[in-house]
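A.B. asks: I'd like to ask some things about the structure below.
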Amino acid sequence: MNHGIPQCKIDEFDRMVRAFFDLEVEKKLKIRRTEGNSRGFAHDELTKRTPDLKELYDYGHSNPDDPTHKCVDGINQLPDEEDLPGFCEAISEYYAECSKVSACLLRAIAKSLGLDPNAFDESFGDTHTSYLRLNKYPVKEGVELWSDNHSNPDELSSNEKLLGVNRHFDAGALTVLRQDDQVSSLQVNVNAHKSSKPHWVDVSPVKDALTINVGDMIQVLTNDEYKAPEHRVLASRNKVRYSAPFFYNPSFTAKIAPQTSGEGEMKYKELSWLHFRLSRFAGDHADTGKKDIQIADYRITK
Ligand SMILES: O=C(O)CCC(=O)C(=O)O
Ligand SMILES: [Fe+2]
């Protein structure tokens, strides 16, 4: 609510998201993501090495002068303008609006901790490496799709693995999520930071509101004052669901370390966002059997 994004831009964006997924599959496959380019269309995404039941399209930051960005993120791939007139304009405008909302939230978070509102700016600024993802969760009928309260995703049977998106923490700083207000299937594990077993609670959409999620980088920057929630998406059972998370990410030169106003002890060692992103990205695209990198790997233990 009160996010400041003009309703006409949201309406046009929503229309384009649906029109994009309605394109013939050949047109979407022409702009498919590849191992060397993480931008574009995919229907074979893995989260925690399990297949997600969805189609997606990723569109990200562009900084053609930065060679690092090219090798990490690839290049945006857009459908032909004749196939989808107005798509590029609608998503780039919505992307810019989400960047503004995120920068504003970041300042508010810094302020809430007694820090200078611009305390986190140097890790983001104009070279933030954010991206916008469009999701379509198709209807999956006829199977018992999930069961609750597993502590270890590897214990799930193959049917139970049929989630829209498996349990995870968002790796970046903030996620600005546009949810379909007709379908509720996003869930948060309210016990993620306790030792008790998972307890999944619905994060139901609220009309005209954006859902804001804190990611791992904010958890580190705020020295655990803000904790990233673990979440997942159930497969859609009755109705197709669309969603669009905008992932607000630091710049690739950013070194992320706790920023505290007082004498408090630092709970994390400094980490490189570029290194973290590269490691996570490798995990989402390959089934190597190696454990994903986590911020817990940077936690300072006594
Ligand atoms: O579709 C959603 O509501 C959220 C998706 C999500 O958590 C993600 O892509 O990281
Ligand atoms: Fe997420």
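A.B. asks: Tell me, what are the semi-axes, in whole angstrom and largest first, of the equivalent ellipsoid of region 170-302 as set by the roots of 5 times the Cα gyration tensor eigenvalues?
C.D. replies: 28, 18, 16
A.B. asks: Take each of the peptides 291-300, 220-229, average the number of other beta-carbon atoms within 10 Å over its residues, and list them starting from the highest. Mind showing how you got there, number by number?
C.D. replies: Working: 291-300: 14.1, 220-229: 19.5.
The densest-packed peptide leads the list: 220-229, 291-300.
A.B. asks: What ranking do 37-43, 77-83 get when scored by the average of other Cβ atoms within 10 Å per residue, highest first?
C.D. replies: Top of the packing list down: 37-43, 77-83.
A.B. asks: Return the distance in nm (one decimal) between the two label points of a simple spin-label model at K194 and I212, each offset 7 Å from Cα along Cα→Cβ.
C.D. replies: For K194 paired with I212, the spin-label model returns 2.5 nm.
A.B. asks: Here's something else I'd like to know. What does the net charge come to around G264 if you take all other residues with beta carbon closer than 13 Å to its beta carbon, with K and R at +1 and D and E at -1?
C.D. replies: Every neighbour counted, the sum reads -3.
None of the figures in this text is laboratory data; all of them are computed from the coordinates on show. What you see is a predicted model, and the numbers here were worked out from it, not measured in a lab. When we count neighbours, we look across all protein chains shown, and the Cβ atoms used for this are built from the backbone with ideal geometry, even at glycine.
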